[in-house]
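Asks: Have a look at this one before I ask anything.
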Amino acid sequence: MIARRHFLQAALATTALYGASGFGNWAKLAAQQALTQEDLIGTGGAGNVTLVHITDIHAQTQPIYFREPEFNLGVGSALGQVPHLTGADFRAAYGISQGSHLDYALTYSDFAALAQGYGRMGGLDRIATVVNAIRAERPDAIVLDGGDTWQGSLPALRTNGQDMVDLFNALGVDAMTSHWEFTLGSDRVHEIVENSLQPAFLGANIFDAEWDEPIFDDYKLFERGGTMVAVIGQAFPYMPIANPGWMFPEYSFGLRRERIAEVVEEVRGLGAEVVVLLSHNGFDTDRQFARDIPGIDVILTGHTHDALPDAVQVGNTFLIASGSHGKFVSRVDLDVRDGALQGLTHRLIPIFSDVIAPDPDMAALIAQTRAPFEAEMGEVIGTAGSLLYRRGNFNGTWDDVICNALISQRDAQIALSPGFRWGPSVLPGQEIKREDIYNATAMSYPQAYRTEMTGEFLKVVMEDVADNIFNPDPYYQQGGDMVRVGGMGYRIDVNAPAGSRISEMTLLETGERIDPAASYVVAGWASVNEGTEGPAIWDVVEDHIRAQGTVTVNPNTSVDVVAG
């Protein structure tokens, strides 16, 4: 029997709404170093409705290495709260042993060393094995995709997302929501939704910009085990801010809290006994949604790539965070009685690629989608002399490589690289193949620009990005991680007021402070401005790595963080 930890109980009229986790059981097994496929997948909890949640896979069909962040600062009410705990603090919060499977899967600590022992994680063929095992036990399980699925790899780029559409159709996904999908352009999204996509494409917060009317389905109703379940879709609300609005000019997004509350009331009126929000808001925003919008039982959260072993309960709403890049699958069993949710059991399933066997049918389909690009992807460009990773609030070594490439290949003084969270890691000593470069850069607006910016304008850019990330109101947190900067150091006080967080901006090549009135040559990529010109970033990075041969990134000390 699975050991359950009842982490919080909220008294209701005649019963108690409970949350439980399968985490304690496989944590013990991991500590014993005795994991098997059956241990990882486990069995379900009490209940008559089962949800399966996958999110933010970013087109990664292969087993990968992915280092979790060292810095993930919370501000405002999120200060010191999950998911803003890392390393030792995360282990302490969940009782994880240092050096264990769970430490490797869920934290950054000793990542490169632990990776040698525990191997890669993810792989869509392994995910298929997990999904099939759950469906063998619960044939009517509802499989839900939180978005960021059609972008992030060379095959997805070359096929305009079709490879991932076909693979997730084969996986048997029932519904999805979206974010990076729209960077394929609105015409391509409509083509996929109308012609080849099998899951319901949900977005209650996506409206026609001219007529102010919904464009896609708000929700889908499922009848499972005699229970009516409503799944409402919430796409990433800040598309025109974080991504190029000219790619989807006819769409309007936004949080639309009042609209979501109306949809919750609508589905309740139609007989829904359980309401699930399939969201791409990000965890802190979804936590605030749980406080502000009554009637949501479960929020399957995405966008911020957080992986949490337990559900987080806010009032009578449970938040589930299932990680990214295919590292985890969440199973959620709902106990629905007397017309309402009475309890929930959650199991975060880590996809250890050397433990979980690949599903042969999915493996064959993946191989088919990759076949036209295998030779191109497999070409060795260089070698990693140190760990290359992306995640973290302020910098990652992959981004340092990209910034160094922009400076060297575009003859710039300063480089700016977006704070994207996506992109697998490369271990020290590992060959850097072209596929690895595309995994960190593949997207539809890759032009590496070269321009001049005044010191004053650079400060404005930095302050604007900082406020998008560290605004204490989660409804104004509209960005990813902090913009990565090459050639310039700075100091940031994340708790300072907007417009006052950035100081001590310094040109590293001279050690002189940035002059607000002076102009600097700046190179960057992924501009949201239409008509941006320059070579594709993957070509810039490839040329840089070829010239270097072995790429070693020293610790980046150019950002001085004041976090309180």
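Asks: Among the aspartates and glutamates, which fall within straight-line cross-link reach of residue 327, defined as a Cα-Cα distance under 15 Å, with same-chain neighbours fewer than 8 residues apart omitted?
Replies: Excluding near neighbours in sequence, the set is 56, 68, 103, 125, 145, 148, 306, 354.
Asks: So what's the angle, to the nearest 10 degrees on a 0 to 90 scale, between helix 455-470 and the longest Cα principal axis of the chain?
Replies: Approximately 10 degrees, to the nearest 10.
Asks: So for the pair residue 250, residue 380, with labels modelled 7 Å out along Cα→Cβ, what separation do we get in nm?
Replies: 4.9 nm
Asks: Something else about it: Keeping all protein chains in the complex and leaving out DNA, RNA and ligands, what accessible area do you get for residue 89 with a 1.4 Å probe, in Å² to the nearest 10?
Replies: About 100 Å², ignoring ligands and nucleic acids.
Asks: Which of the following values of semi-axes √(5λ) of the Cα gyration tensor in Å was calculated from the structure shown: [x] 36, 26, 24; [y] 36, 34, 21; [z] 47, 31, 23?
Replies: Checking each listed value against the structure points to [x].
Asks: Report, in deg cm²/dmol and to the nearest 500, the calculated mean residue ellipticity at 222 nm for the chain, where each DSSP H run with n ≥ 4 adds -39500 (n - 2.57) and the sum is divided by the residue count.
Replies: Mean residue ellipticity at 222 nm (helix-derived): -8500 deg cm²/dmol.
Asks: For the chain, with all protein chains present and a 1.4 Å probe, just round the carbon and sulfur fraction of the accessible area to a whole percent.
Replies: Summing carbon and sulfur atoms, their accessible area is 47 percent of the total for the chain.
Asks: Here is a further query. Residues with beta-carbon under 14 Å from that of residue 223, excluding residue 223: net charge, scoring Lys, Arg +1 and Asp, Glu -1?
Replies: Around residue 223, the charge tally is -1.
Asks: For the range 192-199, what does the Karplus curve 6.51 cos²θ - 1.76 cosθ + 1.60, with θ = phi - 60°, yield as ³J(HN,Hα) per residue in whole Hz, taken in order and with x for Gly and Pro?
Replies: With coefficients 6.51, -1.76 and 1.60, one gets 5, 4, 7, 10, 9, 7, 8, x Hz.
Asks: While we're on this one: Where in the range 129-164 does the amide nitrogen come within less than 20 Å of the point 7 Å from the Cα of residue 357, taken along Cα to Cβ?
Replies: Flagged as within label range: 129-138.
Asks: Considering Cα pairs under 8 angstrom that are at least six residues apart, work out the relative contact order of the chain and quote it in whole percent.
Replies: Answer for the chain is 18 percent.
Asks: Name the long-range amide H neighbours of residue 319: under 5 Å, sequence gap of 5 or more, or other chain; modelled H, no Pro or chain starts.
Replies: 299, 312, 313, 314
Asks: OK, next. What does the accessible area per residue of the range 480-520 come to in Å², with a 1.4 Å probe and no ligands, DNA or RNA counted?
Replies: Normalised by residue count, the accessible surface of the range 480-520 is 44 Å².
Asks: In nm, to one decimal, how far is the modelled label at residue 528 from the one at residue 557, with both set 7 Å along Cα→Cβ?
Replies: The answer from the label model is 3.5 nm.
Asks: Assuming R0 = 60 Å, can you tell me the calculated FRET efficiency for the pair residue 518 and residue 430, based on Cβ-Cβ distance, to the nearest 0.05?
Replies: 0.90
Asks: To the nearest 10 degrees, how steep is helix 537-548 against the longest Cα principal axis of the chain, on a 0 to 90 scale?
Replies: 60 degrees
Asks: Could you work out Rg/(2.2 N^0.38 Å) for the range 138-257, with Rg from alpha carbons only?
Replies: Output field value: 1.07.
Asks: Still on this structure: I'd like the orientation of helix 397-409 relative to the chain: the angle between its Cα long axis and the longest Cα principal axis, in ° from 0 to 90, rounded to 10.
Replies: Around 30 degrees separate the two axes.
Asks: Return the FRET efficiency for the residue pair residue 450, residue 262: r is the Cβ-Cβ distance, R0 is 60 Å, and the value is rounded to the nearest 0.05.
Replies: Efficiency at R0 = 60 Å is approximately 0.80.
Asks: Given a 1.4 Å probe and heavy atoms of the protein chains only, how would you sort 258, 191, 181, largest accessible area at the top?
Replies: I get 258, 191, 181, largest accessible area first.
Asks: A follow-up question, please. Please list 150, 246 in order of solvent-accessible area, largest first, computed with a 1.4 Å probe with all protein chains present.
Replies: Descending order: 246, 150.
Asks: Let me ask something additional. Ignoring everything but the protein chains, give the 1.4 Å probe accessible area of residue 510 in square angstrom, nearest 10.
Replies: Roughly 70 Å² of residue 510 is accessible to a 1.4 Å probe.
Asks: Another question, then. In what order, largest first, do 262, 374, 210 sit by accessible area if the probe radius is 1.4 Å?
Replies: 210, 262, 374
The values are calculated or read from the model by the stated rules, or taken from the named source; none is laboratory data. The structure presented is a predicted model; accordingly, all values stated were derived computationally and were not measured. Every residue, glycine among them, receives a Cβ derived from its backbone with ideal geometry; neighbour counts consider all protein chains shown. Accessible surface areas use protein heavy atoms only, side chains included; no ligands, DNA or RNA. Shrake-Rupley method; radii C 1.70, N 1.55, O 1.52, S 1.80 Å.
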